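Here's the structure, in structure tokens; my notes come after.
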Amino acid sequence: MSFPPTRDPIEVNLWPGRVAQWSLSTQAGFTQNLLIKDADGNILVNASDSGTKYFAKTGTFMGGKNPHTVAISANGKPSDVQAASSAMVLGGKATSKTYLFASEDLGDGDYQDSFVTLTWFEFHG
Ligand SMILES: [Ca+2]
């Protein structure tokens, strides 16, 4: 499922207490920032980078209270963001779900200034 470009922050529902992994890639002159919070305002990810760097930053966190918000900005200004999501389902139960976010910070329409993946898993370990 994909969505047209929108201004972030974008709301996503994660599984509370389940591990989520994330990555940030940049192809941008401006400094990109990825900020992910839970509904209580807890900051789960706050990562910045610039230049052409694939998997510039990666990490994990535990999902908190829904809805979570994902915000991508460049030099402190909110970017336009395309989003898509896909779930793996087995026997009617999701085993993982992945969101993709691609941001545009200036208007040239390449939508790769930031590229973010966010996956969470029903099971871990
Ligand atoms: Ca761009």
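The values are calculated or read from the model by the stated rules, or taken from the named source; none is laboratory data. Values in this document were obtained by computation on a predicted structure and should not be read as measured data. Here Cβ is always computed from backbone atoms with ideal geometry, including for glycine, and neighbour counts include all displayed protein chains.
Condition test on Gln82, is it within 16 Å of the ligand (Cβ to nearest atom) and either surrounded by 13 or more Cβ atoms within 10 Å (Cβ to Cβ) or of a type in the set (S, T, N, Q) (or both)? It would help to see each step written out before you state the result.
Values: within 16 Å of the ligand (Cβ to nearest atom): yes; either surrounded by 13 or more Cβ atoms within 10 Å (Cβ to Cβ) or of a type in the set (S, T, N, Q) (or both): yes.
So Gln82 fits the description; yes.
Can you tell me which residues in the stretch 32-47 are in contact with a strand residue (DSSP E or B) (Cβ under 8 Å, 6 or more places away or on another chain), small (Gly, Ala, Ser) and either surrounded by fewer than 16 Cβ atoms within 10 Å (Cβ to Cβ) or more than 12 Å from Ser114 (Cβ to Cβ) (or both)?
Looking only at the stretch 32-47, we keep the residues that are in contact with a strand residue (DSSP E or B) (Cβ under 8 Å, 6 or more places away or on another chain), and these are 32-39, 43-47.
Then keep just the ones that are small (Gly, Ala, Ser); that gives 39, 47.
Ala39 - this is the single residue of the stretch 32-47 that is in contact with a strand residue (DSSP E or B) (Cβ under 8 Å, 6 or more places away or on another chain), small (Gly, Ala, Ser) and either surrounded by fewer than 16 Cβ atoms within 10 Å (Cβ to Cβ) or more than 12 Å from Ser114 (Cβ to Cβ) (or both).
Out of everything in the stretch 98-125 that is surrounded by fewer than 21 Cβ atoms within 10 Å (Cβ to Cβ) and of a type in the set (D, E, K, R), what residue ends up being farthest from the ligand (Cβ to nearest atom)?
My answer is Glu122.
How many residues, within the stretch 6-28, are within 16 Å of the ligand (Cβ to nearest atom), in contact with a Gly (Cβ under 8 Å, 6 or more places away or on another chain) and small (Gly, Ala, Ser)?
Total satisfying the criteria: 1.
Pick from Ala71, Ala102: which is within 17 Å of Gln32 (Cβ to Cβ), free of Cβ contacts under 8 Å to residues at least 40 places away in the same chain, small (Gly, Ala, Ser) and in a strand (DSSP E or B)?
Numbers: Ala71 fails: free of Cβ contacts under 8 Å to residues at least 40 places away in the same chain.
When all the criteria are applied, what remains is Ala102.
If you scan the stretch 74-97, which residues turn out to be free of Cβ contacts under 8 Å to residues at least 60 places away in the same chain and of a type in the set (Gly, Ala, Ser)?
Passing the criteria: Ala74, Gly76, Ala87, Gly91, Gly92, Ala94, Ser96.
Quick one: which residue in Asn66, Asn46, Asn75 is under 27 Å from Leu106 (Cβ atoms) and more than 16 Å from the ligand (Cβ to nearest atom)? Reasoning before the result, please.
Working: Asn66 fails: under 27 Å from Leu106 (Cβ atoms); Asn75 fails: more than 16 Å from the ligand (Cβ to nearest atom).
Only one candidate qualifies: Asn46.
Sort out which residues of the stretch 11-31 are among the aliphatic types (A, V, I, L, M) and surrounded by 19 or more Cβ atoms within 10 Å (Cβ to Cβ), and write them in order of number.
Keep residues of the stretch 11-31 that are among the aliphatic types (A, V, I, L, M), which gives 12, 14, 19-20, 24, 28.
Selection gives Val12, Leu14, Ala20, Leu24, Ala28.
Of these, Gly29, Gly51, Gly64, which one is outside any strand (DSSP E or B), of a type outside the set (A, V, I, L, M, F, W, C) and either touching a strand residue (DSSP E or B) at 6+ places or on another chain (Cβ under 9 Å) or modelled with pLDDT under 95 (or both)? Give the steps one after another, and end with the answer.
Numbers: Gly29 fails: outside any strand (DSSP E or B); Gly51 fails: outside any strand (DSSP E or B).
Exactly one of Gly29, Gly51, Gly64 is outside any strand (DSSP E or B), of a type outside the set (A, V, I, L, M, F, W, C) and either touching a strand residue (DSSP E or B) at 6+ places or on another chain (Cβ under 9 Å) or modelled with pLDDT under 95 (or both), namely Gly64.
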